[in-house]
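The values are calculated or read from the model by the stated rules, or taken from the named source; none is laboratory data. These numbers were taken from a predicted model, which means no experiment stands behind them. All Cβ positions, glycine included, derive from the backbone under ideal geometry; neighbour counts span all protein chains shown.
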Amino acid sequence: MAKGNEKLNALELLKQDHAKVKQSFKEFEKMDHEDEATMQEMVRAVCAELKAHTTIEEEIFYPAVRAAIEDEDLMNEAQVEHASAKDLIAQLEGMQPDDPLYSATFTVLGEYVLHHVKEEESEMFPQVRKAKLDLEELGAKIMARKQQILESMPA
């Protein structure tokens with residue numbers, strides 16, 4: 001996290017979120033799937049993180065990026081990827097860990113998210129860096145909104 005008066009860059013904040021969920025998906029692969037309580041807690045935490053992340057991207061980051069870069073296809077694809085991830089999250093939220101499709105659904109969610117992260121970081125972020133966007137201002141908006149979202153989520 002930022003210290004003192006260090007500015008919060010939107011791309012760095014999003015990359016921190018990406019790294020956190022990528023690590024969680026790796027941990028899930030190694031996890032004992034017989035331990036349903038631990039597995040369910042991991043899934044719940046990752047889904048909450050992803051819901052907050054997709055919300056800040058859709059409300060703050062994507063509209064600014066859409067206005068700043070000329071790559072409608074990339075932005076539309078990101079929107080569809082978010083919709084697919086949200087569908088899988090909704091399915092997981094309606095399942096129990098003893099459901100035979102529970103682990104598979106979370107694994108597929110991970111594959112979608114990893115693909116999405118790779119595209120954002122390798123295709124979208126370089127275009128954003130070249131655009132005339134105030135990444136520090138966007139970062140501050142993202143941090144404030146994410147905090148608001150996380151505080152509103154049930155514990």
Tell me which residues, restricted to region 144-154, are surrounded by 15 or more Cβ atoms within 10 Å (Cβ to Cβ) and more than 18 Å from A45 (Cβ to Cβ). R145
Which members of region 76-93 meet the condition of being polar (S, T, N, Q) and either over 16 Å from V21 (Cβ atoms) or buried (at least 18 other Cβ atoms within 10 Å of the Cβ) (or both)? N76, Q79, Q91
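Among the listed residues V80, V113, V43, identify the single one that is over 21 Å from K7 (Cβ atoms), at pLDDT 95 or above, in contact with a Pro (Cβ under 9 Å, 6 or more places away or on another chain) and of a type in the set (A, V, I, L, M). Can you show your working first?
Details: V80 fails: in contact with a Pro (Cβ under 9 Å, 6 or more places away or on another chain); V113 fails: in contact with a Pro (Cβ under 9 Å, 6 or more places away or on another chain).
That would be V43, the only listed residue that is over 21 Å from K7 (Cβ atoms), at pLDDT 95 or above, in contact with a Pro (Cβ under 9 Å, 6 or more places away or on another chain) and of a type in the set (A, V, I, L, M).
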Check E72, E81, E58 and return the single one that is among the charged types (D, E, K, R), touching a helix residue (DSSP H, G or I) at 6+ places or on another chain (Cβ under 9 Å) and free of Cβ contacts under 8 Å to residues at least 24 places away in the same chain. E72
Just one of (1) assigned to a helix (DSSP H, G or I); (2) farther than 19 Å from V128 by Cβ; (3) modelled with pLDDT of 95 or more trips up M95, so point out which. (1)
Residues of region 26-52 that turn out to be more than 13 Å from L92 (Cβ to Cβ) and in contact (Cβ under 8 Å) with a residue 60 or more places away in the chain, as a count: 5
Could you grab me the full set of residues in region 98-143 that are surrounded by 13 or more Cβ atoms within 10 Å (Cβ to Cβ), part of a helix (DSSP H, G or I) and small (G, A, S)? S103, G110, G139, A140
